[in-house]
Amino acid sequence: MQHNSSNSADQFIDIRDILSILRRQARLIILTILVALSLAFIHLSRATSMYTASALVMVDTVATNLLDPQTGAPTNASTDTAKLESEVEILRSDSLALKTIQQTQLYLTDEFGPSFGLTDKIKQTLGVATDDLPTGDELLQATLNKFHDSLEVRRRGLTYLINISFTSEDPVRAAEMANQHASIYIDQQVASKVDASLRARDLLQAQLEQARQGLAATDGALADYIENNIERLEAESGSAAVAALRDQLTQSGAQLAAAIDARNAAREALNAGDWASLSAEVADATLTALQEQRDQLARQLEGYERGSAEAIDLTAGLAEIEKQLSAEGQRALSQLDSSVQDFTSSRDSIRDNIRVEVLSADLSAETLSEIYSLQQEAQIAQRQYDNLLQRVREIETQALVQVADSRLMSEALPPRTPSYPNNKLTLALALVAGLGIGIAVAFANEFFFGGVTSANQLANIIPVRVAAVIPRVPMSGNDLTIADRVVDEPMSMLAESFRRLRATIDRQVPDVPGKGKIIMVTSSVPAEGKSSDALALARTYAVAGKRTLLIDADLRKPTQHKFIGAEPAHGLLEYLLGETAGLEGNEFYDADPKSRLGIMMGRRRSNVPTDAPLQSAAFEELLKNAREALDVIIIDTAPLVPVVDARYVAQHVDCVVMCVRYGVTNQSDLRMAHEQLLDSISPDTSLLTVLNAFEGQEKSYRYTGYYGYTSD
């Protein structure tokens, strides 16, 4: 099913016409190519060779914790992408670039260092002071700008790899800068983690000191209270067990304090590597034996020359013993921690017993309230201190074992070939660009005076009134032709354009009662949209209430039956040739499915000359009867230039509408068609033009299909 009369099945791009245009414009195309190649050669001769080296960095999106490898929040694609994009921006940051510039002293190189103009160099040579020389900050900023121009950081596809590329005139420098920038980025990542841990430790240290003071203040508060009020408590409770429990609490507190002091002293000795103090503190036989072995090896080591075989063996043995000492020290420290926990539990148990003993007695409400308050404050202070102390130690240890989340997977190597300029690619692009521009210029030169691009231009080419400019609209999937929009979208610009055309025709050809007006719609060449315009104009009249008939008199290539989705058994040509005798008239007549419009359709291309049927008495009788019965008769004819049919139809009409396709119709064809119309129409026949801007698919018009004979 065809959608538009300009899209006939036998129309295609004529390669011979295109080749003919290119052949005529060959000199212009060649000249354009030579100019493009000349510019490319000039560029290549003046361009400085640049080399690009690339390093690959792998990013681990899950933060690594060596103290607890099992930890790590689960990630997904969005968080991984955000992490990688953040790392890319860090690699592009000014602060990291400045560190790289400073460590490599890039500002001292000729390529990236400060550049002075000829005037400044002459002044410096003559010793003339200048006030407009750049300062140190300005020079560093200039180097930073050049550094960013040479650096390229991007994620490698959807991987966890980041590509760091650096471009320089020196291939060795390009590789060194890419590797150095990656290394500084990784070092900076570790330093940033360590700084964050130490800052967190410092914040917790202040809280720990407050907790220590609070613990010291509340730890003996209950014992002091019981000791200071023991007589009152015994008197109120009537139980001598309270005094005994008080003595036990005092003894347990002393034991806990001693255990804590021993644990802290042991930890400090272990961290400092003071094995003698550690052995004395924990009183462990294994540690004492290892310490004696260490001292003995140390004394033996002093008797040998450094670097000798015996010294090397003794040093290795000493290191092994120190490793064992560290392991045993950790074990002993764990035992001290357990002792502290045991004493703490014992003290808490005694306090609970005191509380139970006292609270089970008949005490006053005031005494019960004071005891409970003191006990709760002591327990809270102890828990806070233990939690803070444990967290501080964890953060301190974590700061010592921080690792980067990124690592250098592939170091950059000095490139052997320059990345810029690419001679082959530059010349190829110049050739392609020259060819493309040359062809564009050739077609512009060929059709500069050919295509009609405005209503004013159309009016200047032929002295005929431009009745309407039909806007370009796209075809939708449900449209058989663009004329469907006139009914489906009555408020569109397209429908308004055809109403404007109808109004102009009505002013040129006023209505005469009892006599219908005949309007011929034609074009100079095929594929200008005349058949769509004819159907759209006819529907516009029908929608306005006019009794309207559309005759598809394009006997060479009838189209209207395709536009309404019909397949008639016979067509207008058979009727005019007398081949429909005895048949009903509705064999080639049908009603428009979208309006109250009657359509006389064609069926197929003619395989006989079609000018004779249009000069026949049957055709004249058809038009005569139509004038008497209808208000408007619109005739869709063949184009004027390729065939003669429309000239015979023009003798019978009141108005001729010549369709001109935007940017396609050649001016010479347009003038020729105008001259043929002037020779064919009567002096009182109105002549109008329509500038068509819509098109379903760009195709060159051809005369083929209107000459010769074809069969179904």
**Request:** Would you be able to say whether some residue in region 442-457 is within 30 Å of residue 18 (Cβ to Cβ) and buried (at least 19 other Cβ atoms within 10 Å of the Cβ)?
**Result:** yes
**Prompt:** Hey, does region 524-539 have a residue that's acidic (Asp, Glu), in contact (Cβ under 8 Å) with a residue 24 or more places away in the chain, surrounded by 22 or more Cβ atoms within 10 Å (Cβ to Cβ) and not in a strand (DSSP E or B)?
**Reply:** yes
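Give 679, 684, 636, 631 a once-over and let me know the one that is modelled with pLDDT of 90 or more, of a type in the set (Asp, Glu) and surrounded by 22 or more Cβ atoms within 10 Å (Cβ to Cβ).
Values: 679 fails: surrounded by 22 or more Cβ atoms within 10 Å (Cβ to Cβ); 684 fails: surrounded by 22 or more Cβ atoms within 10 Å (Cβ to Cβ); 631 fails: surrounded by 22 or more Cβ atoms within 10 Å (Cβ to Cβ).
Going through 679, 684, 636, 631 in turn, just one is modelled with pLDDT of 90 or more, of a type in the set (Asp, Glu) and surrounded by 22 or more Cβ atoms within 10 Å (Cβ to Cβ): 636.
Just to be sure, is residue 700 assigned to a helix (DSSP H, G or I), at pLDDT below 95 and either within 53 Å of the chain's Cα centre (by Cα) or not assigned by TED's automatic domain parsing to the domain that holds residue 525 (or both)?
Against the criterion (assigned to a helix (DSSP H, G or I), at pLDDT below 95 and either within 53 Å of the chain's Cα centre (by Cα) or not assigned by TED's automatic domain parsing to the domain that holds residue 525 (or both)), residue 700 does not qualify.
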**Fill in**
The residue from 25, 70, 2 that alone is out of contact with any strand residue (DSSP E or B) (no Cβ under 7 Å at 6 or more places or on another chain), closer than 25 Å to residue 161 by Cα, at pLDDT below 85 and not aliphatic (A, V, I, L, M) is 70
**Asked** Would you call residue 460 loosely packed, with under 15 Cβ neighbours inside 10 Å and under 32 Å from the mean Cα position of the chain (by Cα)?
**Response** no
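Can you find a residue that is in a helix (DSSP H, G or I), in contact with an Asp or Glu (Cβ under 9 Å, 6 or more places away or on another chain) and more than 30 Å from residue 375 (Cα to Cα) anywhere in region 308-326?
Initially, region 308-326 is screened for residues in a helix (DSSP H, G or I), giving 309-326.
Of the ones still in play, those that are also in contact with an Asp or Glu (Cβ under 9 Å, 6 or more places away or on another chain) are 311.
Filter once more, keeping what is more than 30 Å from residue 375 (Cα to Cα): 311.
Yes, some residue in region 308-326 is in a helix (DSSP H, G or I), in contact with an Asp or Glu (Cβ under 9 Å, 6 or more places away or on another chain) and more than 30 Å from residue 375 (Cα to Cα).
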**Request:** Six or more apart or on different chains, Cβ under 8 Å: which pairs go from a residue in region 463-476 that's over 19 Å from residue 657 (Cα atoms) to one that's assigned to a loop (DSSP other than H, G, I, E, B) and not small (Gly, Ala, Ser)? Could you list them?
**Result:** 473/482; 473/694; 475/3; 475/4; 475/482
**Hits in region 487-523 (condition: within 28 Å of residue 671 (Cβ to Cβ) and part of a loop (DSSP other than H, G, I, E, B))** = 509
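Give, as residue ranges, the strands (runs of 3 or more DSSP E) completely inside region 593-661 that count at least 1 residues that are small (Gly, Ala, Ser). Show your work before the answer.
On the way: elements: 597-600, 632-636, 655-661.
The qualifying strands (runs of 3 or more DSSP E) are 597-600.
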**Fill in**
With the first residue restricted to region 551-574 and required to be outside the structural domain of residue 625 (by TED's automatic domain parsing) and in contact (Cβ under 8 Å) with a residue 12 or more places away in the chain, and the second required to be of a type outside the set (Gly, Ala, Ser) and assigned to a loop (DSSP other than H, G, I, E, B), Cβ contacts under 6 Å at 6 or more apart or on different chains are none
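Scan region 282-294 residue by residue and report those that are free of Cβ contacts under 8 Å to residues at least 12 places away in the same chain and part of a helix (DSSP H, G or I).
Filtering region 282-294 for residues free of Cβ contacts under 8 Å to residues at least 12 places away in the same chain gives 283, 285, 288-289, 292.
Within region 282-294, 285, 288, 289, 292 qualify.
Can we say residue 679 is assigned to a helix (DSSP H, G or I) and either among the aromatic types (Phe, Trp, Tyr) or under 27 Å from residue 483 (Cα atoms) (or both)? So that I can check it myself, show each step before the final result.
Working: assigned to a helix (DSSP H, G or I): yes; either among the aromatic types (Phe, Trp, Tyr) or under 27 Å from residue 483 (Cα atoms) (or both): no.
In short, no.
Criterion first (of a type in the set (Ser, Thr, Tyr), touching a Cys at 6+ places or on another chain (Cβ under 6 Å) and under 21 Å from residue 600 (Cβ atoms)) does residue 532 satisfy it?
Working: of a type in the set (Ser, Thr, Tyr): yes; touching a Cys at 6+ places or on another chain (Cβ under 6 Å): no; under 21 Å from residue 600 (Cβ atoms): yes.
So residue 532 does not fit the description; no.
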**Prompt:** What pairs come up if the first residue lies in region 33-51 and is surrounded by 12 or more Cβ atoms within 10 Å (Cβ to Cβ) and modelled with pLDDT of 90 or more, the second is part of a helix (DSSP H, G or I) and among the small types (Gly, Ala, Ser), and their beta carbons are under 6 Å apart, counting only those six or more places apart or on different chains?
**Reply:** 33/434; 33/438; 36/430; 36/433; 36/434; 37/430; 40/430; 51/174
**Fill in**
Within region 188-207, the residues that are touching a residue at least 12 places away in the same chain (Cβ under 8 Å) and either closer than 24 Å to residue 419 by Cα or out of contact with any strand residue (DSSP E or B) (no Cβ under 7 Å at 6 or more places or on another chain) (or both) are 188, 190, 193, 194, 197, 198, 200, 201, 204, 205, 207
**Request:** Check 222, 215 and return the single one that is in a helix (DSSP H, G or I), modelled with pLDDT under 70 and not charged (D, E, K, R).
**Result:** 222
**Prompt:** Would you pick out the residues in region 485-519 that are touching a Lys or Arg at 6+ places or on another chain (Cβ under 6 Å) and not small (Gly, Ala, Ser)?
**Reply:** 486, 487, 494, 509, 515
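Among the residues of region 247-269, is any out of contact with any strand residue (DSSP E or B) (no Cβ under 6 Å at 6 or more places or on another chain), free of Cβ contacts under 8 Å to residues at least 12 places away in the same chain and over 30 Å from residue 383 (Cα atoms)? Spell out how you get there, then give the answer.
First, the residues of region 247-269 that are out of contact with any strand residue (DSSP E or B) (no Cβ under 6 Å at 6 or more places or on another chain): 247-269.
Next cut, free of Cβ contacts under 8 Å to residues at least 12 places away in the same chain only: 247, 251, 254, 257-258, 261, 264, 268.
If we keep only those that are over 30 Å from residue 383 (Cα atoms) as well, we get none.
No, region 247-269 contains no residue that is out of contact with any strand residue (DSSP E or B) (no Cβ under 6 Å at 6 or more places or on another chain), free of Cβ contacts under 8 Å to residues at least 12 places away in the same chain and over 30 Å from residue 383 (Cα atoms).
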**Request:** Might you check whether a residue that is part of a loop (DSSP other than H, G, I, E, B), of a type in the set (Gly, Ala, Ser), over 30 Å from residue 167 (Cβ atoms) and in the same structural domain as residue 671 (by TED's automatic domain parsing) occurs anywhere in region 434-453?
**Result:** no
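Being among the basic types (Lys, Arg), part of a helix (DSSP H, G or I) and modelled with pLDDT under 60 narrows it down to one of 83, 146, 99, 121, so name that one.
Details: 83 fails: modelled with pLDDT under 60; 146 fails: modelled with pLDDT under 60; 99 fails: modelled with pLDDT under 60.
Every option except 121 fails the conditions.
The values are calculated or read from the model by the stated rules, or taken from the named source; none is laboratory data. The shown structure was predicted, so the numbers you read here are calculated from the model rather than taken from an experiment. Counting neighbours? That spans all protein chains shown, and the Cβs are built from the backbone with ideal geometry, glycine included.
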